[in-house]
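Engineer: Sharing a structure, written as structure tokens. Questions coming.
The values are calculated or read from the model by the stated rules, or taken from the named source; none is laboratory data. Because the structure is a prediction, the values reported are computed rather than measured. In this analysis, Cβ positions are derived from the backbone assuming ideal geometry, glycine residues included, and neighbour counts consider all displayed protein chains. Just the protein is used for accessible areas: all its heavy atoms, side chains included, with ligands, DNA and RNA removed. Shrake-Rupley method; radii C 1.70, N 1.55, O 1.52, S 1.80 Å.
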Amino acid sequence: MEWLTDNKIPIGDYAEWVFDLLQTYGAWFFDGLSDGMEALIDGILWVLQSPHPLIIIALFAGLTWAMQRSWKLAGLVVLGFLFIMNQGYWEETTESLTLVLSACVVCMGIGVPIGIAVAHRPRLYAGMRPVLDLMQTLPTFVYLIPAIVFFGIGMVPGLIATVIFVLPAPIRLTHLGVTATPKPLLEAAQAFGATPRQVLWKVELPYAFPQIMAGLNQTIMLSLSMVVIAALVGADGLGVPVVRALNQVNTSLGFESGFVIVVLAILLDRMLRIDRK
């Protein structure tokens, strides 16, 4: 079997060659993308950190009530954020929320249109499926390497790595929601003279809305799962104390910051949950 190992396919060398080529001839693109992502991050961070924390908590509670029509859930959101303030992690929480919200803007802005497009083009989706599988199954630490190469250290490479890992979720769920639209419903709309655009906006998207919201929910949960990994490339947020606790073998700090991440995940999940009746 030595002949097999001696004739190794140079996958790593090919990947390095591609990255070098992109870095040489695509620097202008990556610099522009970095500037755009940094502006988005700075804008969201300013919105979350400039007002008094109680104002932000009240806004999240009001948003929860508007979406869920439940004072209990709104009260849970208030208590959860007050607990985070009590633990002294408000600034880190807003930084993690910035990363999550930025990932949501990018992933939903790209994933939903792609999901709609592939829902109407089965062959395109069949060709895209292996790529989506690769994006979801490739170890997340691998994404950090090209992120550092192209974008350096900071919040931007953390956001890029998060987007690559999370993007398949809104694409798949949007595709599922649109393709699950009942054919009799589509035929009825077409029988009344609806154009393809009207069918999309008035039939398919309303029917797929719960799946699209599920995609948003998954985007948020998966983005939170990347908080600690993004901290390894210099991204601020709740991942920083977790990494610090790991380096110092500090059980207290690790459990404290980890529990805050869990509380934040629960609050965001309850805010966006849609129950089918």
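Engineer: (1) open to solvent by 20 Å² or more (accessible area, probe 1.4 Å); (2) touching a residue at least 40 places away in the same chain (Cβ under 8 Å); (3) assigned to a helix (DSSP H, G or I): which one isn't true of Ile153, the others all being true?
Structural biologist: Tallying (1) open to solvent by 20 Å² or more (accessible area, probe 1.4 Å); (2) touching a residue at least 40 places away in the same chain (Cβ under 8 Å); (3) assigned to a helix (DSSP H, G or I), Ile153 fails exactly one: (3).
Engineer: Is it true that Glu187 is closer than 28 Å to Pro113 by Cβ, open to solvent by 40 Å² or more (accessible area, probe 1.4 Å) and acidic (Asp, Glu)?
Structural biologist: yes
Engineer: Right, next: Quick check on Gln23: is it in contact with a helix residue (DSSP H, G or I) (Cβ under 9 Å, 6 or more places away or on another chain) and loosely packed, with under 15 Cβ neighbours inside 10 Å?
Structural biologist: Yes: the conditions hold for Gln23.
Engineer: Can you name the number of the only condition in (1) without any contact (Cβ under 8 Å) to a residue 40 or more places away in the chain; (2) assigned to a loop (DSSP other than H, G, I, E, B); (3) of a type in the set (D, E, K, R) that Glu187 fails?
Structural biologist: (2)
Engineer: Okay, moving on. Any chance you could count how many residues in segment 230-277 are without any contact (Cβ under 8 Å) to a residue 12 or more places away in the chain and in a loop (DSSP other than H, G, I, E, B)?
Structural biologist: Total satisfying the criteria: 4.
Engineer: Right, next: Here are some conditions: (1) without any contact (Cβ under 8 Å) to a residue 24 or more places away in the chain; (2) under 19 Å from Leu224 (Cα atoms). Ala147 meets all but one. Which one does it not meet?
Structural biologist: The number of the failed condition is (1).
Engineer: So, one more: Name the residue that is surrounded by the fewest Cβ atoms within 10 Å (Cβ to Cβ), counting only residues in segment 237-257 that are farther than 15 Å from Ser225 by Cβ and small (Gly, Ala, Ser).
Structural biologist: Ser252
Engineer: For segment 190-231, what are the residues that are of a type outside the set (A, V, I, L, M) and open to solvent by less than 30 Å² (accessible area, probe 1.4 Å)?
Structural biologist: Glu204, Gly215, Asn217, Thr219, Ser223
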